[in-house]
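Written out below as structure tokens is the structure these notes cover.
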Amino acid sequence: MRYLTLLRATRTIAPPPPELMEAIMQLGEEATAAGALLDQGGLAPSAEGARMQVAAGKLSVTDGPFAEAKEMISYAVYEVRSKEEAVEWVSRFLKLHRDMWPGWEGESEVLRVFGPEDFAPPA
């Protein structure tokens with residue numbers, strides 16, 4: 001099963017310490033070697049993005065930045081056996097932030113990505 005994880009910062013007091021970035025790279029290498037991590041990356045601030053909406057039959061596009069206090073800062077895609085395994089990898093990632101970046105606060109979502117098996121006709 002594939003899972004997409006999204007990391008949001010809810011409070012950032014300074015740039016990430018270099019030691020945290022090194023630890024994140026090591027965790028990414030470990031997850032890749034285990035065959036769990038398929039892709040990951042940082043996301044630019046919402047000021048560089050756009051939000052699109054369909055409402056009342058009309059398509060609208062709004063350029064960033066967006067007013068939310070929670071800025072989406074990174075994503076990862078995991079191929080794992082269960083949601084619990086995806087949660088374990090993301091927990092390790094968040095623990096690095098907690099332990100190595102005092103004052104930083106954030107949250108992550110773990111979302112299952114549908115695969116072809118989810119749309120196969122019943123047997």
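To the nearest µm²/s, what D does Stokes-Einstein give for the chain at 25 °C and 0.890 mPa s, using the Kirkwood radius over alpha carbon pairs as Rh? It diffuses with D of about 150 µm²/s by this estimate. Here the chain is assigned +1 on the Cβ of each Lys and Arg and -1 on the Cβ of each Asp and Glu. Its dipole about the Cα centre then comes out at about 400 debye.
Find out how many positive minus negative residues lie around Val77, taking Lys and Arg as positive, Asp and Glu as negative, among other residues whose Cβ is under 9 Å from that of Val77. All intermediate terms of the calculation are to be shown ahead of the outcome.
Working: positive: Arg2; negative: Asp39, Glu79.
Result for the neighbourhood of Val77: -1.
Close amide H partners of Gly49, meaning residues 5 or more places away or on another chain with modelled amide H under 5 Å apart, are Gly64. Give me the accessible area of Thr5, 1.4 Å probe, in Å² rounded to the nearest 10. Rounded to the nearest 10, that gives 10 Å².
Ignoring everything except DSSP H segments at least 4 long, calculate the 222 nm mean residue ellipticity for the chain; use -39,500 (n - 2.57) per segment, divide by total residues, nearest 500.
Working: 2 runs with 34 residues, N = 123.
Computed mean residue ellipticity for the chain: -9500 deg cm²/dmol.
For region 118-123, the Karplus equation 6.51 cos²θ - 1.76 cosθ + 1.60, evaluated at θ = phi - 60°, returns couplings of 6, 10, 6, x, x, 6 Hz by residue, with Gly and Pro reported as x. Between Arg81 and Ala123, what's the calculated FRET efficiency when r is the beta-carbon distance and R0 is 25 Å? Round to 0.05. So, using R0 = 25 Å, E works out to roughly 0.65.
For region 22-73, the Kirkwood estimate of hydrodynamic radius, built from reciprocal distances between every pair of different alpha carbons, is 13.9 Å.
Figure the gain on full extension for Leu38 and Lys95 (residue separation times 0.36 nm, minus the Cα-Cα span) and round it to one decimal in nm. Let's see the in-between values first.
Values: separation 57, 0.36 × 57 = 20.52 nm, distance 2.06 nm.
Gain on extension, Leu38 to Lys95, equals 18.5 nm.
Spin-label model, Thr12 to Ala55: label points 7 Å out along the Cα-to-beta-carbon direction sit 2.7 nm apart. Between Leu38 and Val77, Tyr78, Glu79, the built amide H atoms are under 5 Å apart, and every one of these is 5 or more places off in sequence or on another chain.
Across the options Leu59, Ser91, Val110, the greatest Cα extent toward the positive end of the charge dipole of the chain (unit charges at beta carbon of Lys, Arg, Asp, Glu) belongs to Leu59. In this structure, the amide hydrogen of Ser74, modeled 1.01 Å from its nitrogen in the peptide plane, lies closer than 5 angstrom to those of Leu7, Leu43, counting only residues at least 5 positions away or on a different chain.
The values are calculated or read from the model by the stated rules, or taken from the named source; none is laboratory data. Remember, predicted model here, so these are calculated numbers, not experimental data. Heads up, the Cβs are rebuilt from the backbone with ideal geometry, glycines too, and the neighbour counts pull from every protein chain shown. Note: accessible area is taken over every heavy atom of the protein model, side chains too, but ligands, DNA and RNA are not part of it. Shrake-Rupley method; radii C 1.70, N 1.55, O 1.52, S 1.80 Å.
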